[in-house]
1. Surrounded by fewer than 15 Cβ atoms within 10 Å (Cβ to Cβ) and either closer than 21 Å to Val79 by Cβ or aliphatic (A, V, I, L, M) (or both) - does that describe any residue in the stretch 169-176?
2. Could you count how many residues in the stretch 185-211 are within 22 Å of Met163 (Cα to Cα) and part of a loop (DSSP other than H, G, I, E, B)?
3. Identify the residue in the stretch 41-78 that is within 16 Å of Ser183 (Cβ to Cβ) and among the hydroxyl-bearing types (Ser, Thr, Tyr) and, among all such residues, is farthest from the chain's Cα centre (by Cα).
4. Let me confirm something: among Glu193, Glu216, Glu252, Glu188, which residue is at pLDDT 85 or above and more than 24 Å from Asp80 (Cα to Cα)?
5. State yes or no: is Tyr22 in contact with a His (Cβ under 7 Å, 6 or more places away or on another chain), farther than 20 Å from Lys138 by Cα and surrounded by 16 or more Cβ atoms within 10 Å (Cβ to Cβ)?
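The values are calculated or read from the model by the stated rules, or taken from the named source; none is laboratory data. These figures come from a predicted structure and were not determined experimentally. Cβ sites come from the backbone with ideal geometry, for glycine too, and all protein chains shown count toward neighbours.
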Amino acid sequence: MEFVKALLTLRYRPLSDAVIAYVDAFEPDKNDSAVVPDINTGVVREKLDADTTVEWISYKNAEFLVGIQQMHASVRSYVDGMPPVIAQFITDLVELARDTDASVEQSGESSAALLKTHELTRRVDISMLQRPVQIVPKRRATRATSKGVEAALHYVIENFEDMPLPSVDEQSVAGALRDLATSISDGEGLTSERTVDATFNTISKSGMRSQRKKTELLALVNDLRDQRTWQSAIDKALTTPELVSNSESDGELNDAD
């Protein structure tokens, strides 16, 4: 097994903050005649969390990663159950993209250059892609709880959309909450910590007119980091006055409150 090499390609697009990676091919090392795994046979897809989907193949009584899709990769790359080398490559690629984009901005080149997809290729020993042992089993929320969170988030989003003349910041917050609701909806009861972090950061940096609503939103989103507090998030979304009100006076609240 140690003589089989994997040709790995990673692609990252800053605009969507998403990474895809895949093994293009397996090949024996030089001067070796090892039998390589068939990359097109027996691929099994699995979610490691709500934002990370991986693909494995079996080879010599072990499982090896041959593909991955990850949302909000710049927030944090490692997920329990992922080969550590993949997390490091993703981090390297995100940093490469940041350095490249910073150079483009300084040079004053067309903004279209910022929309490019950044690529990284590596040739690694197949053993580096082996599935690690997961000591802590994945926790999954029930379908009812997941749907409850999704409905609660949409309830909050609708209140944003019904606000009189929502600001650009408030519209961006609503978009981040919608992204989080989608992640949880598609997450098969798994955590969505990466999207939670991205949403939390968007709200934290926003210039919402109501500081009180901003504080309550941050508390709600924070509860969504762990399924054990998802019910608390649902309760906040449905009962907290600052979140269920869309009156004009609420929209005009500020730090003086």
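1. For the stretch 169-176, residues surrounded by fewer than 15 Cβ atoms within 10 Å (Cβ to Cβ) and either closer than 21 Å to Val79 by Cβ or aliphatic (A, V, I, L, M) (or both): absent.
2. Final tally of qualifying residues: 5.
3. By that ranking, first place goes to Thr53.
4. After ruling out the rest, the residue left standing is Glu216.
5. Judged against the criteria, Tyr22 is not a match.
Condition check ((1) within 30 Å of Phe64 (Cα to Cα); (2) assigned to a loop (DSSP other than H, G, I, E, B); (3) among the acidic types (Asp, Glu); (4) in the same structural domain as Asn61 (by TED's automatic domain parsing)) across all residues:
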{"position": "Val149", "(1), (2), (3), (4)": "no, no, no, no"}
{"position": "Leu153", "(1), (2), (3), (4)": "no, no, no, no"}
{"position": "Ser183", "(1), (2), (3), (4)": "yes, no, no, no"}
{"position": "Gln231", "(1), (2), (3), (4)": "no, no, no, no"}
{"position": "Asp235", "(1), (2), (3), (4)": "no, no, yes, no"}
{"position": "Leu238", "(1), (2), (3), (4)": "no, no, no, no"}
